[in-house]
Amino acid sequence: MTVSISDNQLEAQDAFSRASESQFKRAMRRTIKTRSAQVGLVLVVSFLIIGIFAPIVSPYDARSDLDLKARLQPPSAEHPFGTDDLGRDVLTRVIQGARVSLQVGVMVVAISLTIGTMLGLVAGLFGGILDSFIMRTMDVMLSFPYVLLAIALVAALGPGLRNAMIAIGIVYIPPYARLARSMALQIREEDFVLAARALGAGRRRIVFTHILPNGLSPLIVMGTLSMGTAILDAAALGFLGLGQQPPYPEWGKMLVDSMQFILSGSWWVMLFPGLAIMLTVLGFNLLGDGLRDALDPRLRIG
Amino acid sequence: MTVYILRRLAATIPVLFGVSLLVFSFIHLIPGDPALAMLGEHATEENVHRIRERLGLNEPLPTQYVRFLVGKMTFEKVNPKDIYKTRKGNSCVKLEKLDNLIVCQHGGSSWTDKYDQNACYNLASVMICHDGGVMWGDMGNSVHGNIPVAAELKRRFPATVELSLAAIAIAILIAIPAGVISALKRNSLIDTFTMMGALVGVSMPIFWLAILLMYVFGLLLGWLPTGGRLSVGIELHHITGLYLVDSLLTRNWVAFKDALSHLVLPAIALATIPLAIIARMMRSSMLEVLGLDYVRTARAKGLSERVIVVRHVMRNAMLPVVTIIGIQLGSLMGGAILTETVFAWPGIGKWVFDAISGRDYPIVQSVTLLIALIFVLVNLLVDISYAFLNPRIRYD
């Protein structure tokens, strides 16, 4: 008898928790169900693990482990990805490069998402001259191809990882600002916001408890997708010598350095860093697409 | 429609000002003395001073911006009878004739019209001369070598245009059929395969693809050249600067084949991203239109599937795709920097890469400004063509 009561209780509890399960969790579950999102998640998680635990998983030390006697060795049991022109293990450098890319992805999204969302909300909520000024500035920034604006900014600020992250972060602001502004304009007219305002809720309360939570899905989707593009653009800056400076390994820089050695047939110095970039970015794109389909079907592109 | 176009044009003006302001301010983002940054640590004080003077860095900022935009302008009232048109189409006040050269004078200096340095124009009897100013197309001189930037830009620009046009052509030719087939055979193997390919395409660094292509087709197989625009020893008469067009115009088949073989790899590398994006857009746009009521009506009328797809679905599905193609054409110029660097393609992208390494900011500024202008212009044209193409939108 007692057993069945507790069973019933459990069941009821379970049903209750399922009903109150947030929309977000449900969307996450839906995301994980699709095959492509699963692949994306696996790629992203392995990238995160490799990036975070780089010093532990690397077989060699990335910077100081030169062995000039073992220059440009093809892949072998000792060096699965071969060695570069200074006899450094390419696998180790690819692993260490993941750390740089992880840093770039996180920093760029942090910069662009916070500043962009703030600007967009301010523009949408206050309107008037402030709105025009912010949005026209965004239009001007969007008049440049992303990569070009980032290149010009870093060229001025000076090469280096920090400046590259700042530049890409700045360049990525406009889409977030546009999104946040349209979010604010749309949601502030909704009945529940009007009701909240009628109840005397202040602007800050409306922004943080009503507008932001409701606009979270597109921001998450955009954040995930821009992680990937940020890594791609940072690699492009690295390739142009504007990103992380040697001897620290960075995927884009490794690629540009590899160009002089492929003439002699050393394909491994070029293949692996490129594959690393592609798989990481692909992971974020797959995951982002999956999230978008689950969280916000309206944004769906194919 | 006219009102819409005028309004759209008017909206472009503040954007152009903003763009010029942003490009102008790059040089002031440089930490420390820009002149010192450009010349390097071992520059002599005299050289730094000279560069500061030449770039006008000693002036107050607003003056510098106006100088950057319109240059140093002078106005002078002259006798219309003395005005003479130079070979460059500028106006000039004739001073005297030396052999077959006309000597011009203005503001105390004189020069022959072959090398007119102060470009002048006249509005009736008022002679307007300017020294510098991007508005007039004068981008100043490079820091290293003191080369006029505008002239060098003009020389290199066709190479980038040829590469970009070839890339966008490849992208459109492959992406549109791929997107259409994907949409018509939704969720089939061919659809999955195409969309996966498109996703890999946008996830790949194009400079890596460029190196891969160069390695496989240039080095391993030896089918195609690994860099440059034309092989050494091939003669080509330059007309447009687009080598394929020039060789066709002069019926120079040897040069045509050679130029084409040089163009293939960089164009493919540059085409990947727009290809992937256009294919995805075409597919989703087709799917959207295929689900509309009027398509069902067309089916109910008994129209053949071919007519429905080509006449009814594709035509309407193309609209958003046209916008995307425009945006991609603009973005290609950014991507060209990377592709040109890998393939040593002598366009503006390679030039900017070299200028960045040499910290030659006037070049970086000019190229950035030019590409942004093209980007704005292409977007303007796309918007206007959109208004023409879409019967549902009437803006006035």
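Quick note: the coordinates plus some simple rules give every number you see, no bench work behind them. Predicted model only: the values in this text are computed from it and were never measured. All Cβ positions, glycine included, derive from the backbone under ideal geometry; neighbour counts span all protein chains shown.
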- Item | Per-residue HN-Hα couplings for the range A:121-136 [Karplus 6.51, -1.76, 1.60; θ = phi - 60°; Hz; x = Gly/Pro] | 5, 4, 4, x, 7, 8, x, x, 5, 4, 4, 4, 4, 4, 6, 5
- Message: Using only alpha-carbon positions, what ratio does the radius of gyration of the range A:75-211 give when scaled by 2.2 N^0.38 Å?
- Response: 1.51
- Between B:SER357 and A:VAL57, what FRET efficiency comes out of the Förster formula 1/(1 + (r/R0)^6) with R0 = 41 Å and r the beta carbon distance, rounded to 0.05? 0.75
- Where Lys and Arg each count +1 and Asp and Glu each count -1, what net charge lies around B:ALA11 among other residues with Cβ under 11 Å from its Cβ? +1
- Message: Restricted to Cα positions, what overall size does chain B have along the principal axes? Three whole-Å values, descending.
- Response: 81, 58, 50
- Largest to smallest principal axis extent of the C-alpha atoms in chain A, angstrom: 75, 70, 34
- In nm, the gap between the two label points placed 7 Å beyond Cα toward Cβ at B:ARG52 and B:MET135 is 2.8 nm
- Item | Unit charges on C-beta of K, R, D, E only; dipole of the protein assembly as shown, Debye | 2040 debye
- Tabulate in residue order the Karplus-calculated ³J(HN,Hα) for the range B:155-169, using 6.51 cos²θ - 1.76 cosθ + 1.60 with θ = phi - 60°, rounded to whole Hz; enter x for Gly and Pro. 5, 8, 4, x, 4, 5, 4, 4, 5, 5, 5, 4, 5, 5, 5
- Where the centroid of each part is defined by its Cα atoms, how far is the range A:146-188 from the range A:82-125 in Å? 13 Å
- Note on the structure: Taking the square root of 5λ for each eigenvalue of the C-alpha gyration tensor of the range A:154-214, the equivalent ellipsoid has semi-axes, largest first and in whole angstrom, of 37, 11, 7
- Of the options A:ILE262, A:PRO80, A:GLY124, report the single residue whose Cα projects farthest towards the positive end of the charge dipole of chain A (beta-carbon charges: Lys, Arg +1; Asp, Glu -1). A:GLY124
- Label-point separation, A:VAL42 to B:ALA10 (7 Å along Cα→Cβ), nm: 5.8 nm
- Message: Please report the spacing between the Cα centers of the range B:275-313 and the range B:179-242 in Å, no decimals.
- Response: 29 Å
- Message: Loop-only trypsin sites (Lys or Arg not before Pro) in the range B:214-304, please: DSSP not H, G, I, E or B, and at most 12 other Cβ atoms within 10 Å.
- Response: B:ARG251, B:LYS301
- Residue-by-residue Karplus 3J(HN,Hα) for the range A:78-86, coefficients 6.51, -1.76, 1.60, Hz, glycine and proline x: 6, 10, x, 9, x, 10, 8, 5, 10
- Task: Would you kindly state the longest site-free stretch of chain B, with sites defined as chymotrypsin sites (Phe, Trp or Tyr not before Pro) in a DSSP loop (not H, G, I, E, B) surrounded by at most 16 other Cβ atoms within 10 Å?
- Result: B:1-222
- Message: Net charge within 14 Å of B:THR250 by Cβ-Cβ distance, Lys/Arg positive one each and Asp/Glu negative one each, not counting B:THR250 itself?
- Response: -1
